[in-house]
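The values are calculated or read from the model by the stated rules, or taken from the named source; none is laboratory data. Quick caveat: nothing in here was measured; it's all calculated off a predicted structure. Using ideal geometry, Cβ is built from the backbone for each residue, glycine included, and neighbour counts are taken over all protein chains shown. For the accessible areas, the whole protein counts, side chains as well, though only heavy atoms, and no ligand, DNA or RNA atoms are used. Shrake-Rupley method; radii C 1.70, N 1.55, O 1.52, S 1.80 Å.
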Amino acid sequence: MIMENFINLLSDVWNRGFYGVNLSDIIISLVVLLAAFLLRGFIIATVLNAIGQLAAKTESKVDDEILSALEKPLGLVPVTIALYIITLILPLSGALGDSATNIVKAFVVFTIFSALANSIKPIFEALSTSSWLTASMQMWLERASRAIVWIVGLGVILDIFGIQI
C-alpha cells in the first residue's frame, strides 16, 4: 500500500513535471541543448579549421580574416537550431509558446547580424590598400558601419517582441 502510493506519486510528478511539462520532455530538451553545444565545439574545432586550412592556401588574406571573424557567429547556428527543436519538443502554448518562438527568432536575427557586424572589419581591411580614405576616416567609417548594423539588428529584435520603434 505504501509502495503503491509512492509509485503513484512518482508517476504523477514524472507526468506533470514542471509547469505541466513532463520530465521526459524536459530531459530530452536538455539533451538536445547539450548536443548543440557539443556540435558547436565540433564545428569550430573541426569544420572551421578545415576551411581555414583551405583559406590559408590562397594568396589573399581577406578570406582568412573573414573566416576568423565568422567563427563565433557560425558557432551560434547549432544552438539556435537546438532552441527551435526544443520549442517543438516542449508543449508550449499561449503566451509562453509565443515567447519561446520570439526568442528563437531573436537568436536567428542575432546570429545573422553578428555575422554581418563581424565581417565589416575584414572588408574594410581589404579596402584599405586601395582606399582614398585616411586611416582615421576609415576607422570611423568601420565603427559607424558596425554601429549601424547593430542598431538595425536591435531594431529587428525589438520588432520581433512587439516593441515599435
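Quick grid of which residues meet (1) farther than 22 Å from VAL156 by Cα; (2) modelled with pLDDT of 85 or more; (3) open to solvent by 40 Å² or more (accessible area, probe 1.4 Å); (4) of a type in the set (S, T, N, Q):
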residue: VAL31; (1), (2), (3), (4): yes, yes, yes, no
residue: ARG40; (1), (2), (3), (4): yes, yes, yes, no
residue: GLY52; (1), (2), (3), (4): yes, no, no, no
residue: GLU65; (1), (2), (3), (4): yes, no, yes, no
residue: PRO78; (1), (2), (3), (4): no, yes, no, no
residue: THR111; (1), (2), (3), (4): no, yes, no, yes
residue: ALA115; (1), (2), (3), (4): no, yes, no, no
residue: ILE120; (1), (2), (3), (4): no, yes, no, no
Count of region 129-158 residues which are of a type outside the set (A, V, I, L, M) and closer than 18 Å to ALA117 by Cβ: 9
Given the criteria open to solvent by 50 Å² or more (accessible area, probe 1.4 Å) and assigned to a helix (DSSP H, G or I), does ILE103 qualify? yes
Output for region 69-100, where each listed residue is in a helix (DSSP H, G or I), small (Gly, Ala, Ser) and free of Cβ contacts under 8 Å to residues at least 40 places away in the same chain: GLY75, GLY94, ALA95, GLY97, SER99, ALA100
Return the pair list, or none, for Cβ contacts closer than 8 Å from residues in region 19-34 that are under 21 Å from THR80 (Cβ atoms) and among the small types (Gly, Ala, Ser) to residues that are modelled with pLDDT of 85 or more and open to solvent by 40 Å² or more (accessible area, probe 1.4 Å), at least 6 apart or on different chains. SER29/ILE89
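When you go through ALA135, ALA82 one by one, which is the residue that is surrounded by 14 or more Cβ atoms within 10 Å (Cβ to Cβ) and at negative phi?
Going through ALA135, ALA82 in turn, the sole match is ALA82.
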Can you tell me which residues in region 60-81 are under 18 Å from ALA50 (Cβ atoms) and of a type in the set (Val, Ile, Thr)? ILE66, VAL77
All but one of (1) modelled with pLDDT of 90 or more; (2) of a type outside the set (Lys, Arg); (3) surrounded by fewer than 16 Cβ atoms within 10 Å (Cβ to Cβ) hold for SER130, so report the exception by its number. (1)
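Can you find a residue that is acidic (Asp, Glu) and at pLDDT 80 or above anywhere in region 82-101? Reasoning before the result, please.
Taking region 82-101 and keeping what is acidic (Asp, Glu), we get 98.
Those left that are additionally at pLDDT 80 or above: 98.
Checking region 82-101: at least one residue is acidic (Asp, Glu) and at pLDDT 80 or above.
Would you pick out the residues in region 142-165 that are aliphatic (A, V, I, L, M), open to solvent by 80 Å² or more (accessible area, probe 1.4 Å) and within 20 Å of LEU70 (Cα to Cα)? Talk me through it step by step, then tell me what you get.
Here is the first cut: in region 142-165, the residues aliphatic (A, V, I, L, M) are 144, 147-149, 151-152, 154, 156-158, 160, 163, 165.
After this cut, where a residue has to be open to solvent by 80 Å² or more (accessible area, probe 1.4 Å) as well, the list is 148, 151, 154, 163, 165.
Once the filter is applied, which keeps residues that are aliphatic (A, V, I, L, M), open to solvent by 80 Å² or more (accessible area, probe 1.4 Å) and within 20 Å of LEU70 (Cα to Cα), region 142-165 yields ILE148, ILE151, LEU154.
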